[in-house]
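Have a look at the structure below, then the notes.
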Amino acid sequence: MTIPPEQRMNSGPYSGQSVIAQKRDLTAQFRKAGLETADLDARLLIMAATGLSHTDIIMRADEILQTETQYLIAQYAKRRLAGEPIDHILGYREFYGREFEVNKDVLSPRPETEMLVDAALEILKDKPDARILDLGTGSGAIIISILAEAQQVQGIAVDMSAAALSVARENAKTHKVNERLSLLEGSWFGPAEGRFDIILSNPPYITDTAMGELSIEVSEFDPDLALRAGEDGLIAYHAIISEASNYLIPGGTLLFEIGYDQGRSVSQLLENHHFTSISIVKDLSGHDRMIKAAYTS
């Protein structure tokens with residue numbers, strides 16, 4: 001980033017600060033603004049602007065930052081204080097030990113969503129050459145993480161957003177699973193063919209009412225398409241569950257991420273469509289977060 005002419009000087013707000021002083025000031029700004037992860041956000045933005053590692057920041061704490069670098073940090077800070085998520089500023093989000101490109105076209109993967117990867121990998125221990133279908137893939141973080149861990153598995157990922165699929169395609173190349181992953185544009189099962197050992201999805205599940213209560217970081221920066229799910233938050237579950245038996249092999253598994261209060265509702269939908277072995281898994285906060293069900297013909 002180029003500094004405007006009026007800022008090209010060796011004094012003023014963009015010169016003369018050490019690494020540690022910059023981090024201290026940035027953390028203070030973020031805390032004053034009420035950001036919950038002020039210290040972490042400050043460190044990540046400084047790392048992004050300087051190319052320093054966490055260890056470098058500690059070892060080179062007294063090193064004076066260059067003017068260009070301080071200006072860049074200031075621009076990052078301005079975006080963060082306006083509510084832009086840290087991962088959008090950085091351009092990536094860490095998920096299951098890997099970095100995934102994210103932007104305004106995809107929902108940034110959350111730590112709790114790693115539960116879907118864990119559940120799928122447990123099933124795949126006995127099915128090394130399985131086929132997996134990921135519905136509403138977004139950045140592709142879930143299916144790509146699974147394929148990266150399970151070297152013989154074949155995957156298909158569907159999303160109705162061409163922009164999201166473009167992000168997923170780049171992530172698949174980055175993590176070297178693109179030859180085992182087909183990315184298809186369409187709505188739910190529309191472009192999918194054949195049957196699968198596992199069908200999984202982290203679908204939209206935010207009710208229309210709850211959409212109005214979301215933080216700015218989510219409501220203004222995550223795609224509405226990946227969040228909003230109608231009056232009861234169950235539109236996507238209805239659509240997927242009603243068709244899933246046509247795409248699962250006998251004994252196949254259906255995996256969903258769910259909202260904290262949707263365990264009973266989604267379980268009932270699964271029962272209504274003759275799924276069995278339904279189990280709800282809670283996240284580290286004790287909330288319903290994932291549901292697993294089996295299909296028996």
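The values are calculated or read from the model by the stated rules, or taken from the named source; none is laboratory data. Keep in mind that this is a model prediction, so the values were computed, not measured. Reconstructed Cβ throughout: ideal geometry from the backbone, glycine too, with neighbour counts over all protein chains shown. Side chains included, ligands, DNA and RNA excluded: accessible areas come from the protein's heavy atoms. Shrake-Rupley method; radii C 1.70, N 1.55, O 1.52, S 1.80 Å.
3J(HN,Hα) along segment 248-264: 9, 6, x, x, x, 10, 10, 10, 10, 7, 9, x, 4, 10, 10, x, 5 Hz, from the Karplus curve 6.51 cos²θ - 1.76 cosθ + 1.60 with θ = phi - 60°, whole Hz, x for Gly and Pro. Size descriptors for segment 81-130: radius of gyration and Dmax over Cα atoms are 14.3, 48 Å. Set against the 2.2 N^0.38 Å expectation for a compact globular protein, the chain has a Cα radius of gyration ratio of 1.14. Near the amide H of Ser182, within less than 5 Å, lie the amide hydrogens of Gly155, Ile156, Ala157, all on another chain or at least 5 residues away, with H placed in the peptide plane. Amide H to amide H distances under 5 Å link Phe95 with Phe100, where only residues 5 or more positions off or on other chains count and H is placed in the peptide plane.
For segment 36-158, the dipole from Cβ point charges (+1 on Lys and Arg, -1 on Asp and Glu) about the Cα centre works out to 260 debye, to the nearest 20. Look at the dipole of segment 55-189 built from charges on Cβ: of Trp188, Met59, Gly140, the Cα furthest out on the positive end belongs to Trp188.
The calculated 222 nm mean residue ellipticity attributable to helices in the chain amounts to -11000 deg cm²/dmol, summing -39500 (n - 2.57) over DSSP H runs of n ≥ 4 and dividing by all residues. Listed peptides 102-110, 256-264 appear in the order 102-110, 256-264 once ranked by packing, highest mean of other Cβ atoms within 10 Å at the front. For His54 and Glu193, the difference between the fully extended length at 0.36 nm per residue and the C-alpha to C-alpha distance is 45.4 nm.
Extension gain for Arg79 to Glu170 (0.36 nm times residue separation, less C-alpha to C-alpha distance): 30.3 nm. Using C-alpha pairs below 8 Å separated by at least 6 residues, the relative contact order for the chain is 13 percent. Taking 0.36 nm per residue of sequence separation and removing the Cα-Cα distance, the Met47/Leu121 pair yields an extension gain of 23.4 nm. All Cα-Cα separations within segment 94-181 were binned at 5 Å from zero, giving a P(r) of 3, 16, 29, 28, 17, 6, 1, 0, each value a whole percent of the pairs.
Protein-only accessible surface at a 1.4 angstrom probe places the residues Lys32, Lys78, Lys282, Lys176 in the order Lys32, Lys176, Lys78, Lys282, largest first. Straight-distance candidates among the lysines for linking to Lys125, with alpha-carbon spacing under 19 Å and chain neighbours fewer than 8 residues away dropped: Lys292.
Legend: residues Glu99, Glu114, sorted from most to least accessible area (1.4 Å probe; ligands, DNA and RNA excluded), read Glu99, Glu114. For the chain, a crude dipole built from +1 on the beta carbon of Lys and Arg and -1 on the beta carbon of Asp and Glu, taken about the Cα centre, is about 540 debye to the nearest 20. If one puts a single equal scatterer on every Cα of segment 44-197 and applies the Debye formula without solvent, what log₁₀ I(q)/I(0) results at q = 0.10, 0.12, 0.15 Å⁻¹? Log10 I(q)/I(0), no solvent term: -0.44, -0.60, -0.82.
Backbone phi angles across segment 62-74, fed through the Karplus curve with coefficients 6.51, -1.76 and 1.60 (θ = phi - 60°), yield HN-Hα couplings of 8, 5, 7, 7, 6, 4, 4, 5, 5, 5, 4, 4, 4 Hz in residue order; Gly and Pro are listed as x.
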